Amino acid sequence: MIPRARAVLLLVVLVLTAAGCGLAAPGGSGEEPKVTILGPWTDNQEKQFKDVLNGLGIPYTYQGTAATREVLLAEVQAGNPPDIAILPGVGELVEYAAENRLRSLRGLYEPKEYGKPWQPEAQGIADDLWVPLKADLKSIVWYRKDRPPPSSPAPLTSWCIGMGDDGASGWPGSDWIEDLILQTAGPVLYEQWATGRIAWTDGPVINAWTRWAGLLAQDPAAAERALLSDHRGRPGGHGLLFGGGCDLEHQGSFARSFYGDLKERAAFTDSARLLPGGPSVKGREVSADFAALFGRSAQARGLLGRLASRQAQEEWGRKAGVFSPNSAVHAKSGAVEKRISGRLTDQRVPLCLDASDVMPAAVRDAFYEAVLLTIAHPGDPVRERLEAIQKVQDAQPEDTPRLTRVCSRPQ
């Protein structure tokens, strides 16, 4: 499921887990068994998530890590998977589903409350094996209210860009590429590319990548700073937008959590006109954190069912400002919140899941690597980067499970 180069990292994770640094063992002497949960949220986001879990009335143990993929794989291979795993993307869950490791969620939530793309389809795999708990809007640009954005594409020096992350560096750059492909080529081709049905060297992909490389080439020094910066900004700061000496941030709706007490001074606009070339809005890229059930216990099923309920989703939104893809969840108060919630459930404009989140893990890793290399050397031919990713995609076994539908169709 992952490249051999990750073997050393996995060995470390296994050792740490065995030493007691992983998920706590369910239950204990004289205690009610606890539901074990693995998720991507740490620090303040972990605290907010636990506040919701604490109100569900079921004992649990939560482990938050930016390396959800590595930790989950290690624990599955060790024969001790968590009862519930929450991953920032559904691509990896498809692989576990193909191995018959996931339990049906039938009866735990109401599928009719979720439209496309929140129920992505995979050929030969049941459609009731995961549920999105948290959603984010990505085809947007944040700006400070006292500095309105221009009406045309912005130069590199205007952009707040950081590639660093505790988990997988480079993904903020992949969001640029994905959004450019969506806005220049449209959702049908975007879906074909994201699901591996067209080549990375096809014209629309090269076009989007060339536009982005051209933006980076405007100022190699600024590109290098982006390569060395964390996407969250400096620790204890107010994110890149309020602490990076820049004016525009192409980042998902979760960026508000980085702005701290300055978040009310931030506003957003659709990204298309500010991207290189100034394309029109052809769709909206979105992302979600999907929950899946590995455990068989009634407690685990009960906890996940309550977590996916409208009541829990609304409480999480009130306490942490997160957004739900569930159309039955009432939009939060506040102009910014209502605009984001509206775009996440608006079926008049195509919605497409983050492409790297639905790709096989090896292809996604190659995508991130090519992004970082492009930032480091923006003047190099982009075709060579794309050919390298295509080789990884071509090397995937023919029976590798893949998603087939990751975009909605306008209604």
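Values quoted throughout were computed directly from the atomic coordinates according to the rules given, and no laboratory measurement underlies them. Quick caveat: nothing in here was measured; it's all calculated off a predicted structure. We place every Cβ from the backbone using ideal geometry, glycine too, and count neighbours over all the protein chains shown.
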Placing +1 at every Lys and Arg Cβ and -1 at every Asp and Glu Cβ, with all other atoms neutral, what dipole size does the chain have around its Cα centre, in debye to the nearest 20?
1000
Region 299-397 - charge dipole about Cα centre, Lys and Arg +1 at Cβ, Asp and Glu -1, debye rounded to 20:
720
Once you charge only the Cβ atoms, +1 for Lys and Arg and -1 for Asp and Glu, what is the size of the charge dipole of region 140-282 about its Cα centre, to the nearest 20 debye?
300
Taking only Cα atoms, what is the 0 to 90° angle, nearest 10, from helix 382-394's long axis to the longest principal axis of the chain?
30
Label-point gap, in nm, between GLN218 and ASP346 - each point 7 angstrom along Cα→Cβ
2.6
List the residues, sorted by chain then number, that are 5 or more residues from SER139 or on another chain and whose placed amide H is less than 5 Å from its amide H.
GLU285
Between 0 and 90°, nearest 10: helix 171-185 axis offset from the chain longest Cα axis:
60
Picking from ALA168, GLY186, GLY203, whose Cα lies most toward the positive end of the charge dipole for region 154-274 (charges on Cβ: Lys, Arg +1; Asp, Glu -1)?
GLY186
Phi angles of region 47-58, converted by Karplus (6.51 cos²θ - 1.76 cosθ + 1.60, θ = phi - 60°) into ³J(HN,Hα) in whole Hz with x for Gly and Pro, give 4, 5, 5, 5, 4, 6, 4, 4, x, 8, x, 10
Neighbour-count ranking [beta-carbon atoms within 10 angstrom, fewest first] of LEU262, LEU38
LEU262, LEU38
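Given a Förster radius of 51 Å and the C-beta distance between HIS377 and ALA298 as r, what FRET efficiency does 1/(1 + (r/R0)^6) yield to the nearest 0.05? Before the final figure, lay out each step's value.
On the way: r = 55 Å, r/R0 = 1.07.
That gives a FRET efficiency of 0.40.
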Extension length gain for SER327 and ALA388 (0.36 nm per residue less Cα distance), in nm, is 17.9 nm
For region 159-199 and region 269-308, compute the distance between their C-alpha centroids and round to whole Å.
15
Relative contact order (percent, whole number), the chain, Cα cutoff 8 Å, 6+ residue spacing:
27
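Computed FRET efficiency, Cβ-Cβ of ASN54 and VAL281, R0 41 Å: what is it to the nearest 0.05? Walk me through the numbers before you get to the answer.
Numbers: r = 40 Å, r/R0 = 0.98.
E(calc), rounded to 0.05, equals 0.55.
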Rounded to the nearest 0.05, what FRET efficiency do LYS47 and VAL188 have when you use their Cβ-Cβ distance and R0 = 51 Å?
0.80
Dipole of region 315-411, positive end: most advanced residue of PRO325, ALA395, PRO378 [Cβ charges, Cα centre]:
PRO325
Cα centroid separation, region 339-411 to region 76-131 (Å):
20
DSSP loop (so not H, G, I, E, B), at most 15 other Cβ within 10 Å: list which trypsin sites (Lys or Arg not before Pro) in region 315-386 pass both filters.
ARG348
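Sorted by average packing, counted as other Cβ atoms within 10 angstrom per residue and highest first, what order do 207-213, 110-116 take? Please list the in-between numbers first.
On the way: 207-213: 20.7, 110-116: 15.4.
Put in order of decreasing packing, that is 207-213, 110-116.
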Report, by chain and number, residues whose modeled amide H sits under 5 Å from the one on THR404, excluding near sequence neighbours (fewer than 5 apart, same chain).
GLU121, ALA122, GLN123
Kindly express, to the nearest 10 degrees and within the range 0 to 90, the angle between helix 361-376's C-alpha long axis and the longest C-alpha principal axis of the chain.
30
Ellipticity estimate at 222 nm from DSSP helix runs (n ≥ 4, -39,500 (n - 2.57)) divided over the chain, nearest 500
-11500 deg cm²/dmol
Pulled fully out, how much extra length does the chain show between ARG197 and SER151, if you take 0.36 nm times their separation in residues and subtract their Cα-Cα distance?
13.1 nm
